[in-house]
Amino acid sequence: MTLSAGARLGPYEILAPLGAGGMGEVYRARDGKLHREVAIKVLPASVAEDPERLARFEREAQVLASLNHPHIAAIYGLEESGGVSALVLELVPGETLAERIAAGPIPVDEALAIARQIADALEAAHERGIVHRDLKPANVKLTPEGKVKVLDFGLAKALVRDASSPEITSSPTMTARATQAGVILGTAAFMSPEQARGKAVDKRADIWAFGVVLFEMLTGKRCFEGETVSDTLAAVLTREPDWSALPAAAPASVRRVLKRCLERDPKRRLHDAADVRIELEETPEVPATASPPATRGAWPVILAALAAAAIAGVVAWSLASKRAPAAGPVVTKLARITRGAGRSEWPSWSPDGSLLAYAADRSGNFEIYVRRGDGGQDVEISNDPAQDVQPAFSPDGNAVAFVSTRSSKSGLVRIGGTYGQNGRTYGGDLWAVPALGGAVRRLASDANFPTWRPDGKGILYVSGSEVRRSIMEVPSDGGAPRAVLPSEASTWEINRIACSPDGRWISLETQPEGILLMPATGGKPHALITGFGHAWDPSSHRLYFIVRDPQGGSRIQFVEVSSTGQAVGNAPSTVSLMTTEVLEFAITRDGLRIAVPELEASRNLTRLPLAPGGGAPAGPEEPLTSGRVTDSYPSVSPDGRRVALVSDTFGHKEVEVLDVESRHRERLQLPGEDVAQAATVWMPDGRQLLISRSGEGSRSSTWIVALDGSRAEQLFAWSGLGAFAMGPSSDGKRVVHSDTVNGVQQIFVFNLDTRKAIQLTDTPGAKFDSVFSPDGRSIAITGTKDGVVQLFSMPAAGGPMRQLTTGYERMRHPFFSPDGKWIYIQPSHRNIFRVPTEGGPLQQVTHFPEAGLFLEEPTISPDGRYLYYCRENGGSSLWLMTLEDRGRHP
């Protein structure tokens, strides 16, 4: 039976559907007595209409309700009203483990943390004689606090027609949803062999299912799979798991537990969940690892562990020992070095490998930090309100050279610029500081990417304010710089340089040729290999570098270098594959450890509380989503409880609705094909969304879609991107948008009653964003004047446009305050300002630092209490790869 929002079931008010499963429809509801939200699971008719089964179900539910455990979702009661029987359950926010696994393998340490909590839940239930019987990732929730909650404990037994029946069809999935093959396969894949054979089951069936779940967490793929139910069951009964699919970082103890959980003979299988839990708890802590998700935007941890977002959005690594040749270095261990906010980049090892220097922007500016290679406290050694980047240890380990903007004559470090494959442009002066801090010394101006001569007497650097074409050298104790490679002798843009440890070669990372070698004493460079972000190993016979992987991400590779400076062999060898962007790395002198900064760019929905009047923040930002996703175009529902947004959590852009309190997200099913872009705006009734979709040709259109699926209607088609910036009037009868006329974007108002559009403007200069005022009498518009985008307003019925701002190069994303007195605007990607509706000076509302921040599509809640926006978190963390070299250098 389907319930609609607003319906009542005893004291419970139905709020929204949550989904459907083998045990019935599930709804979000509010408890009118205890004033809490719950989950209502309506029992299928086969149970509710059978008095004997219903009575037995009540008895089972009473036993299940006795379970009181932090990792088991609670059963509050059984409610019967108006012919509807339903379980009242704890409402658990977050995503299911199945959704988490859809992103690909879970990092080993994170998977084990989840597995320990599942085992703890099984142990508590088994002690009370309760067997789950349907344990699978879809029945495990990951809460925003990082806790695991196992759902539907024991309901498989409660729902079968005869509690003693051994038939495999007694699975609730198979009885209630027998027509949905995908769902059936999902349950069959987790059945124990005795369950698949139709035999009676006990707690050892849960141990088997636990092993299957842990295998899937670690590998990202099904342990047993087939095209049909029969094929899947046959795999369960006959096929060995693909043990080679387990990540290299999985400890031997975990592999042992898995094999004992997945013994087909239940007599040889681990008998107790307590044994599983103890084995896992005694497993030593594993460095954070993961395997690559299928796509850049594939489902990460969206809601699970907001407090542990650094782990939730962990780097996606594949320790590619199987890809590396037998006679070369392979990664044997991976550990995270830094976990702080912001970016940690440009690692540099001391000669003995005991210290690691790097730059991090923890305070808004980049500073140089030094820490022990095996852990410990970071020490800030540059300590100046400037941008300090690109540290490089001296050969004796006593000093660190770096580039800084302090007293720079060559301009600021330009963070966020691009060049070549390296992705960033910098410029500053060359400085040196003692390795553990002290007085700094300025050595040269107009410098980039310093590297020391092996004898420590000179420091090489790339020079050139606009185009970096020359290599300079300055004595490390001070003096006049000299040209090693004069700019007139170079036809390349030089992005990075390094000296071979034996002092014979200078390697140049150039655009567009790749990596070149030149004699250290000077001479003509020659091509070596295509790549970037390179570093020498201690022998000087092997050069490591980064290449873009054809499937996405990056690879660290190496090439053997002959005594004449030529690449040896037909192709370079791969050390490790990263599915995210990596720009540089550093290798220790013994060649067995690599420090790598991994970029963790994401754009997450965030809200900021506002002080009364809306002119300033009233508290810190609150992230509403997390993980490596790109959220965009948020719109707050009229009641302020939900946010519609566009996100690529499943690898492509889709419209989702987020419950602000619970963080639960639901995808909105849209008609037609997937499209490249989308944008959302709530209609005033709070039950429908206005959605613009951009694709190819005629697929660019604006729709009105009901959240309950009862309506999905295309209102109009459009060209270009104009209709993205749109908004309905407060009465819901008009939509303002822009569209292209004779090559110029103009403003239109579409009438939902007549289905006709009226063009309001026909003037030079493109018009981009447009939105109605709360009273519907005026429209705020951003458009160009004299080549500069400014904010304008005009009457909603048509009339002259009035310019409200001047002096800014780019006005974007206007929106009105709820009282209509202010128009908020973004003059850049970073901070939000506001201007009186009738005109006047701009007031700055937010004061974020310029470095490392990017805000998109800000909007305001209907009560004016919060700003909502999508915050780009361009963070990066340092990771340590430990290598085992299985070959010898030539």
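The values are calculated or read from the model by the stated rules, or taken from the named source; none is laboratory data. Bear in mind the structure is a predicted one, so any value in this text is a computation, not a measurement. Ideal geometry is used to build each Cβ from the backbone, glycine not excepted, and the neighbour counts take in all protein chains shown. The accessibility values were calculated without ligands, DNA or RNA, using every heavy atom of the protein model including side chains. Shrake-Rupley method; radii C 1.70, N 1.55, O 1.52, S 1.80 Å.
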Of the residues in the stretch 595-611 that are modelled with pLDDT under 80 and assigned to a loop (DSSP other than H, G, I, E, B), the one that is farthest from the chain's Cα centre (by Cα) is Ala601
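Residue-wise test of (1) assigned to a helix (DSSP H, G or I); (2) open to solvent by less than 10 Å² (accessible area, probe 1.4 Å); (3) touching a residue at least 60 places away in the same chain (Cβ under 8 Å).
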position: Glu225; (1), (2), (3): no, no, no
position: Leu233; (1), (2), (3): yes, no, yes
position: Leu237; (1), (2), (3): yes, no, no
position: Glu240; (1), (2), (3): no, no, no
position: Ala248; (1), (2), (3): no, no, yes
position: Arg255; (1), (2), (3): yes, no, no
Qualifying residues in the stretch 802-817 (those that are more than 27 Å from Pro862 (Cβ to Cβ) and over 33 Å from the mean Cα position of the chain (by Cα)) - the one least open to solvent (accessible area, probe 1.4 Å):
Gln803
For the stretch 298-311, indicate whether the set of residues that are modelled with pLDDT of 90 or more and of a type in the set (Gly, Ala, Ser) is non-empty.
no
Going through the stretch 394-432 one residue at a time, which ones are among the β-branched types (Val, Ile, Thr) and at pLDDT below 50?
Val413, Ile415, Thr418, Thr425
Considering the stretch 688-722, residues that are surrounded by fewer than 17 Cβ atoms within 10 Å (Cβ to Cβ) and under 28 Å from the mean Cα position of the chain (by Cα), and then whichever is modelled with the lowest pLDDT, we arrive at Glu696
Kindly check whether there is at least one residue in the stretch 637-648 that is outside any strand (DSSP E or B), at pLDDT 90 or above, surrounded by fewer than 18 Cβ atoms within 10 Å (Cβ to Cβ) and of a type in the set (D, E, K, R).
yes
Of these, Leu112, Leu151, Leu142, Leu135, which one is under 28 Å from the mean Cα position of the chain (by Cα), at pLDDT 85 or above and under 16 Å from Trp208 (Cα atoms)?
Leu135
If you check every pair at least six apart or on different chains, which have Cβ atoms under 6 Å apart with a residue in the stretch 1-28 that is at negative phi first and a residue that is in a strand (DSSP E or B) and at pLDDT below 75 second?
Val26/Gly19
If you check Pro391 against the conditions, is it at pLDDT 90 or above and not in a strand (DSSP E or B)?
no
Going by what's in this entry, would Glu263 be described as at pLDDT 90 or above and not hydrophobic (A, V, I, L, M, F, W, C)?
yes
For the stretch 654-675, what are the residues that are at pLDDT 75 or above and touching a Lys or Arg at 6+ places or on another chain (Cβ under 9 Å)?
Glu654, Val655, Glu656, Val657, Leu658, Asp659, Val660, Glu661, Ser662, His664
Would you confirm, using the coordinates I've provided, whether Thr625 is surrounded by 23 or more Cβ atoms within 10 Å (Cβ to Cβ), under 30 Å from Arg36 (Cβ atoms), modelled with pLDDT under 90 and not hydrophobic (A, V, I, L, M, F, W, C)?
yes
Return yes or no: is Phe833 among the aromatic types (Phe, Trp, Tyr), open to solvent by 20 Å² or more (accessible area, probe 1.4 Å) and under 28 Å from Trp703 (Cα atoms)?
no
By residue number, the members of the stretch 204-223 that are part of a helix (DSSP H, G or I) and in contact with a Pro (Cβ under 7 Å, 6 or more places away or on another chain) are Arg204, Val213, Phe215, Glu216, Leu218, Thr219
Condition (residue is touching a strand residue (DSSP E or B) at 6+ places or on another chain (Cβ under 7 Å), among the charged types (D, E, K, R) and modelled with pLDDT of 65 or more) applied to the stretch 317-330: is it met by at least one residue?
no
Answer yes or no: is there a residue in the stretch 80-103 that is closer than 30 Å to Arg222 by Cα, open to solvent by less than 20 Å² (accessible area, probe 1.4 Å) and at pLDDT below 80.
yes
The stretch 763-795 - residue that is at pLDDT 90 or above, small (Gly, Ala, Ser) and at negative phi and, of those, nearest to the chain's Cα centre (by Cα)
Ser770
When the stretch 738-770 is examined, which residues are found to be within 21 Å of Glu838 (Cβ to Cβ) and either open to solvent by 30 Å² or more (accessible area, probe 1.4 Å) or assigned to a loop (DSSP other than H, G, I, E, B) (or both)?
Leu760, Thr761
